[in-house]
Amino acid sequence: MTVKVNSANEENRSFSEIVNDFFVAKKKLFISILIVLFLAVVAIVAFTAFNHSKMKTAFETIETCMTEWVDMYPDNIDSTRETEIIQELEKTAAGNKGNFAGARANMSIAEIYFSKNDWAKAKDFYAAAAVSEKFYTTGLALYNAGVCADEMGNPDEAIDFFTKAVNTSSFSQKARAQFNIARIQEQNSRIEEAIASYKVMLDLYPGFSLTDLAHSRIIALEILAEK
C-alpha cells in the first residue's frame, strides 16, 4: 500500500515541482557549469585585451622603425642601423604571425629590401605578408612578390604570384596583374597562352588603358601566330 500511495502522489505532482526538484538535485552540477562558462568568458575577454595591446605595441614599433628608415633613405642610410631596424621588424613579425601587425611588419621589411634591389629577400617577405585575403595589403604583397620574381628572371613564379593577386578579391590592380601575366608569357614565347591572357583583359577589364594595349598585342600576336 505504501508504494501505491507514493506512486499516486508522484503522478499528482506538477511539472514545475518535478523540474524544481531536478534543478535542486543537480544544483552543484549547474553551479559548476556556470563557473566554467564565467571563467571562459573572462579568459576570452583577457585574451582579446592582450591581443589588442600586443598589436598596438607592434604597430607602434613598425611606425617608429619605418619613420626612422624613411628619414635616412636614400642619402643618409646607416647600414648598421638599417640592419637593426630590419631585425626589430623581423622580431615583430615573428611575434604576430597570422595577424595584420605581422603582415605589415613583413611588408615593411620587404619594402626595405625592394629599395635595395634585393629581389630575393623582398620577394620572400612580400610572400610572408600575404597571410590572409581579409587583409587589404595581401593583393599588393602578392603583386610585389611577382614583380620581384620577374626581376629575378623567374617567369613561372612571377606568373603564379600575379595570378594569386588577380584572385585576391580586395586587390584593386587586377588589370595590371593580368597584363603582367600576359606580358611575361609573350616575352617567353608562350604565344597562345599570352593571347588567352590578354583576351581575359578584354572580357573583365574594359576601359583600362592597359586593356587597349592588350588588344593591340592580341592583334600583333595573332598575326605572328599565322606566319
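The values are calculated or read from the model by the stated rules, or taken from the named source; none is laboratory data. Being a predicted model, the structure only gives us computed values, none of them experimental. Ideal geometry is used to build each Cβ from the backbone, glycine not excepted, and the neighbour counts take in all protein chains shown. When the accessible area is computed, the model is the full protein with side chains, heavy atoms only, and any ligands, DNA or RNA have been set aside. Shrake-Rupley method; radii C 1.70, N 1.55, O 1.52, S 1.80 Å.
Worth a mention:
- Taken over region 197-227, residues that are closer than 18 Å to PHE161 by Cα and not polar (S, T, N, Q) amount to 3.
- For region 60-93, the tally of residues that are of a type in the set (Phe, Trp, Tyr) and at pLDDT below 95 stands at 1.
- Qualifying residues in region 190-227 (those that are among the small types (Gly, Ala, Ser) and open to solvent by 70 Å² or more (accessible area, probe 1.4 Å)) - the one farthest from ILE159 (Cα to Cα): GLY207
- Check on MET66, within 23 Å of the chain's Cα centre (by Cα), open to solvent by 20 Å² or more (accessible area, probe 1.4 Å) and under 19 Å from ASN117 (Cα atoms): yes
- Of all residues making up region 91-116, the number that are within 14 Å of VAL131 (Cα to Cα), touching a residue at least 40 places away in the same chain (Cβ under 8 Å) and polar (S, T, N, Q): 2
- Extreme residue, least open to solvent (accessible area, probe 1.4 Å), among residues of region 118-144 that are aliphatic (A, V, I, L, M) and over 14 Å from the mean Cα position of the chain (by Cα): ALA122
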